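Read the structure below first, then the notes.
Only the coordinates and a few stated rules stand behind these numbers; no lab work does. Because the structure is a prediction, the values reported are computed rather than measured. Cβ sites come from the backbone with ideal geometry, for glycine too, and all protein chains shown count toward neighbours.
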Ligand code: NAD
């Protein structure tokens, strides 16, 4: 979550990734200059009546980075370390991500500096409704469309959507995506990010010959994204040998059973290596590891699915996995990325690997506007088509240009943003004859 780890600034990392990609493509100076600045940033104070009668004020943010390709789109997170700089970096990545998978959206991000685990359910609801009261004039289906992210979920999106409707005195479901299905949410949004990453992983596995049964996987982060990815890989026959969350990690050489672990975690708020048959859960043989140890395990595939800046120059040399599929946003620092590339580790970048969430959010927005809802199979087939197609394009570009997949992904996205921006006129167009 941290924007600043030692001297690592997330926004600088994001801009440096763009700078590198500019060596491989020609976009106008105007586009580059424009992309260095967020379009608009909003900082708000959210007063919340606590259960004990006291009043607490929380800081909230929403950054709309670039809307050249359409209304801005991006998640909302609740975390004590949320800052405006982090929002800038994450909203920039959303602009790049939406362009990369060719959605008609720009990028945005929002958040509240709060530890949601310290709030009661009622306090959390009042905070969520208060956030929407504060940003209501900044968002909307044709302007900016929030969605869930770290420590926010469908229930919170439901409260927020309801609050927006109350303010506007009409139903505007396309304002917020990731809603409960009963309130206009899309089927398949819940597991979309993990599933999108899984479709990408299947392509990588085909190319590298990573066979189920033999391939070992470690997953850092066991929330929405990490759980669904781990579950799908397990169903496919891959060995998920390690799982970690904010408390630490568990490891079993024989492989873990993500659905059982999730069941117990939901009930007891604890990560335990269990295998459940019906309601009876038995402990399986395992070791307890720290989060750092999980990242350094001798596994084939490492999945960072928690927070940013987890692999830096401090520990990149110790990563043993052949494949790192970034499901979290920004889990590798710039230096770590360079170290892993120099060691020929296959790094599938976040803007591609975790784009499944925003793809199905786009489907939700389309369904809300059309008032016509799709089946789960339609959602999954369309998601698979987009993730597989864009992975293929990025992979081919990276092979042709002999560059990393991250760089190729940026090139693809920048070309698309530049096209939209330059269609409105560039310096050359406006220069007097
Ligand atoms: P979540 O809140 O559901 O889960 C976060 C998980 O990370 C939890 O298991 C938590 O215990 C764990 N965690 C927190 N601090 C940790 C630490 N220091 N070390 C190890 N684990 C830690 O969040 P999520 O929606 O699963 O998001 C995870 C990542 O995926 C974030 O980077 C997010 O931006 C990114 N992402 C999410 C979506 C989405 O649709 N939810 C889409 C794209 C990207």
**Study point:** Gaussian network model of the chain, Cα within-10 Å springs - most flexible of 145, 176, 46
**Key:** 46
Review point. What fraction of the DSSP beta bridges in the chain is antiparallel, stated in percent and rounded to the nearest 5?
Key: 55
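Find how much the distance from residue 19 to residue 424 grows on full extension, using 0.36 nm per residue of separation minus their present alpha carbon separation; answer in nm with one decimal.
Gain on stretching residue 19 to residue 424: 143.5 nm.
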Check your understanding: Volume per residue, Å³, of the convex hull around the alpha-carbon atoms of the range 192-353?
Key -> 100
**Study point:** Cut-off 19 Å (backbone N to label point 7 Å along Cα→Cβ of residue 313), residues of the range 89-118
**Key:** none
Point to revise | Peptides ranked, highest mean first, by Cβ atoms within 10 Å: ranges 389-399, 272-282, 226-236 | key: 226-236, 389-399, 272-282
Exercise for review: Express as a percent, rounded to the nearest 5, the fraction of DSSP beta bridges in the range 253-399 (both residues included) that run antiparallel.
Suggested key: 40
Revision key, fill the gap. Expected sort for 333, 423 with the fewest Cβ neighbours (10 Å cutoff) up front is 423, 333
Revision key, fill the gap. Most exposed first, judged by fewest Cβ atoms within 10 angstrom, 193, 31, 388 run 388, 31, 193
Practice item. Using a 10 Å cut-off on Cβ atoms, rank the peptides 66-75, 156-165, 181-190 from the highest mean neighbour count down. Key: 66-75, 156-165, 181-190
Point to revise | For the chain, built as a Gaussian network whose Cα springs stay under 10 Å, the top-fluctuating residue of 209, 221, 237 | key: 209
Study note, to complete from the structure: Given 20 °C, 1.002 mPa s and a Kirkwood radius over Cα pairs, the Stokes-Einstein diffusion coefficient of the range 100-176 in µm²/s is 162
**Study point:** Cα→Cβ-extended label distance, 7 Å offset, between residue 52 and residue 270, nm
**Key:** 2.8
**Study point:** Linear extension gain, residue 290 paired with residue 211, 0.36 nm per residue minus alpha-carbon span
**Key:** 25.7 nm
Review point. Can you give me the pair-distance distribution of the chain, C-alpha pairs, 10 Å bins, whole percents?
Key: 5, 22, 32, 27, 12, 2, 0, 0
Study note, to complete from the structure: Going fewest to most other Cβ atoms within 10 Å around each Cβ, 430, 11 line up as 430, 11
Review point. For the range 38-174, how big is the tail of P(r) above 21 Å, as a whole percent of Cα pairs?
Key: 37
Point to revise | Residue among 357, 110, 213 with the largest mean-square fluctuation in a Gaussian network model of the chain, springs linking Cα atoms under 10 Å | key: 213
